[in-house]
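*Asks:* Could you have a look at this structure, given as structure tokens, before my questions?
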Amino acid sequence: MEKISIIVPCYNEEKALPLFYEELQKNIKTFPKNVCFEIIFVNDGSKDHTLNVIKNLSKKDDSIKYISFSRNFGKESAIYAGLENSTGDYVTLMDADLQDPPSLLKEMYRLVTEENYDAVGTRRVNRKGEPIIRSFFAKLFYKLINKMTPFEMVDGARDFVFMKRTVVNSLLSLKEYNRYSKGLFSFVGYDVKWLEYENIQRVAGTTKWSFWKLTKYALEGITAFSTTPLLISSAIGLIFCIVSFLMILLIIFKTLILGDPTSGWPSLVCIIFMVSGIQLFSLGIIGQYLSKTYLEVKQRPLYFIKDTNIENK
Ligand code: UDP
Ligand code: MG
């Protein structure tokens, strides 16, 4: 027997969950008889009836396990909890809104078992139905982060991945507090096959990602995987030192040789503004890393479980 664990983080998904479960079951049924499933729903502190929906489903289907958090800890924590509690030989992560089509599961399973890939990732080839501005910034983000990190972050990569146990164990061994799953998945390496599909709209409910949240998430991705911003601020500092030194030489030359009195207070004010701006900007960058370090050092747990049907928890 081979077991596949399906991890589904859920936050306010009462409407989408029944549709998701139905669609998933349709696809599970087409798998060979020697494959069994375990579905782990992680309720990430939902404010609606998500937990009830999950509990009702689990009454009918004993392959369903659920973990319910004490509050909303974020998708990354939900993923980690799911991975920690999964027991399958293969593990996959899926959104509850059917944006990750369950119809791909079979192909993913085939690629891992027959073609010997360690993992299968998915990426969307377009961002249809997404605001243009959002797509623009997303593209910019991937350009930036790929310049700054030694491994490739795939543009449009989703969290929908299918992995062998070895990959899961590698992910679990990364104990960091600031988790950025897409980056961690690239970081651990292995042979990954990328499947592509067109962007699909969520079936029900609304997205939990505002533009502001996405921006914060993007910055988190950069600080978690690259120290290049620190290098940039040092480089700007150095350039400014050189420029100011040249300017001093110029002023000395003008005053002593040409006898020109000092002039240009407006430009001086501009320079002060600019330089102090750059200083604050650099301090901000350092602050970002410092705050991340602060959070890491505290070693707080990633989540607290309030309710679950998994034994020994
Ligand atoms: N999610 C979660 N915790 C959160 C936010 C989202 O567990 O704090 C789950 C959500 O229920 C869904 C998945 O993460 O299953 C993706 O969220 P969403 O569809 O809102 O993101 P999008 O697809 O718009 O990027
Ligand atoms: Mg979604």
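*Asks:* Residue under question is Lys213, and the condition is that it be of a type outside the set (A, V, I, L, M, F, W, C) and over 13 Å from the mean Cα position of the chain (by Cα); does it hold?
*Replies:* Numbers: of a type outside the set (A, V, I, L, M, F, W, C): yes; over 13 Å from the mean Cα position of the chain (by Cα): no.
Spelling it out, it is not the case that Lys213 is of a type outside the set (A, V, I, L, M, F, W, C) and over 13 Å from the mean Cα position of the chain (by Cα).
*Asks:* Scan segment 131-159 for residues that are surrounded by 13 or more Cβ atoms within 10 Å (Cβ to Cβ) and of a type in the set (Phe, Trp, Tyr) and report the count.
*Replies:* 3
*Asks:* So in segment 68-99, with the set limited to residues that are within 11 Å of ligand 1 (Cβ to nearest atom) and in contact with a Ser or Thr (Cβ under 7 Å, 6 or more places away or on another chain), which one is most open to solvent (accessible area, probe 1.4 Å)?
*Replies:* Glu76
*Asks:* Give the residue, chosen from Asp118, Asp95, Asp89, that is within 16 Å of ligand 2 (Cβ to nearest atom) and modelled with pLDDT of 90 or more.
*Replies:* Sole residue among the options that is within 16 Å of ligand 2 (Cβ to nearest atom) and modelled with pLDDT of 90 or more: Asp95.
*Asks:* Which residues, taken from segment 187-214, are open to solvent by less than 90 Å² (accessible area, probe 1.4 Å) and at pLDDT below 85?
*Replies:* Tyr197, Asn199, Ile200, Arg202, Val203, Ala204, Gly205, Thr207, Lys208, Trp209, Ser210, Leu214 - these are the residues of segment 187-214 that are open to solvent by less than 90 Å² (accessible area, probe 1.4 Å) and at pLDDT below 85.
*Asks:* Return the pairs, sorted by first residue and then second, in which the second residue is within 16 Å of ligand 1 (Cβ to nearest atom) and among the hydroxyl-bearing types (Ser, Thr, Tyr), the first residue lies in segment 99-121 and is touching a residue at least 40 places away in the same chain (Cβ under 8 Å), the beta carbons are less than 8 Å apart, and the residues are 6+ apart or on different chains.
*Replies:* Asp100/Thr122; Pro101/Tyr197; Leu104/Thr122; Leu104/Tyr197; Leu105/Thr92; Met108/Thr92
*Asks:* Condition check: touching a helix residue (DSSP H, G or I) at 6+ places or on another chain (Cβ under 7 Å), within 16 Å of ligand 2 (Cβ to nearest atom) and either of a type outside the set (D, E, K, R) or more than 28 Å from Lys3 (Cβ to Cβ) (or both). Does Val161 satisfy that?
*Replies:* yes
*Asks:* Let me ask another. With the requirement that a residue be within 16 Å of ligand 2 (Cβ to nearest atom) and buried (at least 23 other Cβ atoms within 10 Å of the Cβ), what does segment 21-42 give you?
*Replies:* Of everything in segment 21-42, those that are within 16 Å of ligand 2 (Cβ to nearest atom) and buried (at least 23 other Cβ atoms within 10 Å of the Cβ) turn out to be Phe41, Val42.
*Asks:* Could you say which residue among Val35, Val42, Val91 is β-branched (Val, Ile, Thr), in contact with a helix residue (DSSP H, G or I) (Cβ under 7 Å, 6 or more places away or on another chain) and touching a residue at least 60 places away in the same chain (Cβ under 8 Å)? If you could, list the steps in order and put the result at the bottom.
*Replies:* Numbers: Val35 fails: in contact with a helix residue (DSSP H, G or I) (Cβ under 7 Å, 6 or more places away or on another chain); Val42 fails: touching a residue at least 60 places away in the same chain (Cβ under 8 Å).
Of Val35, Val42, Val91, the one residue that is β-branched (Val, Ile, Thr), in contact with a helix residue (DSSP H, G or I) (Cβ under 7 Å, 6 or more places away or on another chain) and touching a residue at least 60 places away in the same chain (Cβ under 8 Å) is Val91.
Conditions tested, residue by residue: (1) open to solvent by less than 50 Å² (accessible area, probe 1.4 Å); (2) modelled with pLDDT under 85.
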{"site": "Tyr217", "(1), (2)": "yes, yes"}
{"site": "Leu246", "(1), (2)": "no, no"}
{"site": "Ile252", "(1), (2)": "no, yes"}
{"site": "Asp260", "(1), (2)": "no, yes"}
{"site": "Trp265", "(1), (2)": "no, yes"}
{"site": "Leu268", "(1), (2)": "no, yes"}
{"site": "Ile271", "(1), (2)": "no, yes"}
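*Asks:* Follow-up question, since we're still on this one. What tally of residues in segment 1-35 results from selecting those that are of a type in the set (Ser, Thr, Tyr) and in a helix (DSSP H, G or I)?
*Replies:* The qualifying residues number 1.
*Asks:* Looking only at segment 100-132, count every residue that is touching a Phe, Trp or Tyr at 6+ places or on another chain (Cβ under 9 Å) and within 15 Å of ligand 1 (Cβ to nearest atom) and tell me the total.
*Replies:* 7
*Asks:* In segment 255-313, which residues are free of Cβ contacts under 8 Å to residues at least 12 places away in the same chain, within 30 Å of Asn52 (Cβ to Cβ) and β-branched (Val, Ile, Thr)?
*Replies:* Once the filter is applied, which keeps residues that are free of Cβ contacts under 8 Å to residues at least 12 places away in the same chain, within 30 Å of Asn52 (Cβ to Cβ) and β-branched (Val, Ile, Thr), segment 255-313 yields nothing.
*Asks:* Filter segment 187-212 down to residues that are more than 16 Å from ligand 1 (Cβ to nearest atom), part of a strand (DSSP E or B) and out of contact with any Asp or Glu (no Cβ under 8 Å at 6 or more places or on another chain), then give me how many there are.
*Replies:* The number of residues fulfilling the criteria is 2.
The values are calculated or read from the model by the stated rules, or taken from the named source; none is laboratory data. Bear in mind that the values here come from a model prediction, so they are computed numbers and not experimental data. Here Cβ is always computed from backbone atoms with ideal geometry, including for glycine, and neighbour counts include all displayed protein chains. When the accessible area is computed, the model is the full protein with side chains, heavy atoms only, and any ligands, DNA or RNA have been set aside. Shrake-Rupley method; radii C 1.70, N 1.55, O 1.52, S 1.80 Å.
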